[in-house]
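Taking it in order: structure first as structure tokens, then the write-up.
The values are calculated or read from the model by the stated rules, or taken from the named source; none is laboratory data. Predicted model only: the values in this text are computed from it and were never measured. A quick note on method: Cβ atoms are made from the backbone with ideal geometry, for glycine too, and the neighbour counts reach across all protein chains shown. Side chains are part of the model used for accessible areas, which takes the heavy atoms of the whole protein and leaves out ligands, DNA and RNA. Shrake-Rupley method; radii C 1.70, N 1.55, O 1.52, S 1.80 Å.
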Amino acid sequence: MHIHYISEQNSILNHFLTQLRDVTIQKDSMRFRKNIERIGEIMAYELSKTLDYKAISVQTPLGVKHTTTVAEPVVLCSILRAGLALHQGFMNFFDDAENGFVSAYRHHYNNDDAFEILVEYQAAPSFEGKNLILIDPMLATGQSLVAVLHKLHLEQKPKEIHIAVVIAAPEGIAFLEKNLPENCHLWVAALDEKLNEKNYIVPGLGDAGDLAYGSKL
């Protein structure tokens with residue numbers, strides 16, 4: 001798996017990440033969603049540099065311009081519900097991409113800290129031979145992403161798989177490296193220190209889904 005850390009060099013990305021984490025700012029859910037969307041746009045631009053391109057010619061009002069465009073179609077697929085704002089950021093740049101949505105959540109079967117990942121809903125186009133970009137803001141244990149990819153990947157073979165996360169824990173990255181194919185790229189906006197005893201990212205930012213869309217029952 002190829003890993004890309006895009007906040008190692010200072011840029012406006014770090015400004016948006018700081019606002020996501022700040023407890024005095026993140027209470028504004030509209031601003032929180034917008035900052036995640038902006039991060040998605042930055043990540044989409046950086047990711048686009050690694051795609052394959054093909055030569056084309058376009059007619060302008062005054063002549064013909066020889067240029068390039070993305071060679072294979074892109075499919076954006078996000079994990080509900082926390083991934084929606086990040087998905088929008090990617091869609092702003094890959095505006096002709098097809099889109100898919102999958103639900104995955106932690107099911108605490110004994111009402112304690114132990115859990116399993118349940119994937120119950122999927123609405124996605126074909127991604128055979130295409131560039132699949134899987135979008136999820138938080139990479140904690142990595143189990144959700146692996147479960148979703150296994151469900152999506154049973155019968156279809158994308159050309160490349162790109163996973164985009166805002167904040168990642170080292171434990172989650174290690175889990176993906178052990179369980180995902182070599183043609184995967186992991187894009188990380190920020191690498192945090194660790195997981196706590198409840199498998200939440202520290203220092204993290206809290207529950208991204210709740211901060212973006214309100215508390216759930």
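Pairs under 9 Å by beta carbon, first residue at positive phi in region 85-103, partner open to solvent by less than 60 Å² (accessible area, probe 1.4 Å), six or more apart or different chains?
none
Take Ala189 and decide whether it is part of a strand (DSSP E or B), buried (at least 17 other Cβ atoms within 10 Å of the Cβ) and at pLDDT 90 or above.
Yes, satisfied.
Could you check Leu205 against (1) open to solvent by less than 20 Å² (accessible area, probe 1.4 Å); (2) under 20 Å from Leu17 (Cβ atoms); (3) not in a loop (DSSP other than H, G, I, E, B) and say which number it fails?
(3)
Just to verify a result, which residue in region 50-83, among those that are assigned to a strand (DSSP E or B) and under 20 Å from the mean Cα position of the chain (by Cα), is surrounded by the fewest Cβ atoms within 10 Å (Cβ to Cβ)?
Keep residues of region 50-83 that are assigned to a strand (DSSP E or B), which gives 53-60, 63-70, 74-80.
If we keep only those that are under 20 Å from the mean Cα position of the chain (by Cα) as well, we get 70, 74-80.
Values: Val70: 15, Val74: 23, Val75: 23, Leu76: 27, Cys77: 26, Ser78: 26, Ile79: 25, Leu80: 17.
The selected residue is Val70.
Give the residue, chosen from Leu86, Leu47, that is in contact with a Pro (Cβ under 9 Å, 6 or more places away or on another chain), at pLDDT 95 or above and not in a strand (DSSP E or B). Give the steps one after another, and end with the answer.
On the way: Leu47 fails: in contact with a Pro (Cβ under 9 Å, 6 or more places away or on another chain).
Only one candidate qualifies: Leu86.
Under 6 Å between Cβ atoms, at least 6 apart or on separate chains: pull out the pairs that start in region 156-180 with a residue that is farther than 13 Å from Ile3 by Cβ and open to solvent by 10 Å² or more (accessible area, probe 1.4 Å) and end on any residue that is polar (S, T, N, Q) and in a loop (DSSP other than H, G, I, E, B).
Glu160/Asn183
Return the residue satisfying two criteria in turn: it lies in region 19-33 and is more than 13 Å from Gly206 (Cα to Cα), without any contact (Cβ under 8 Å) to a residue 40 or more places away in the chain and part of a helix (DSSP H, G or I), and of such residues it is least open to solvent (accessible area, probe 1.4 Å).
Ranking the qualifying residues of region 19-33, first place goes to Arg31.
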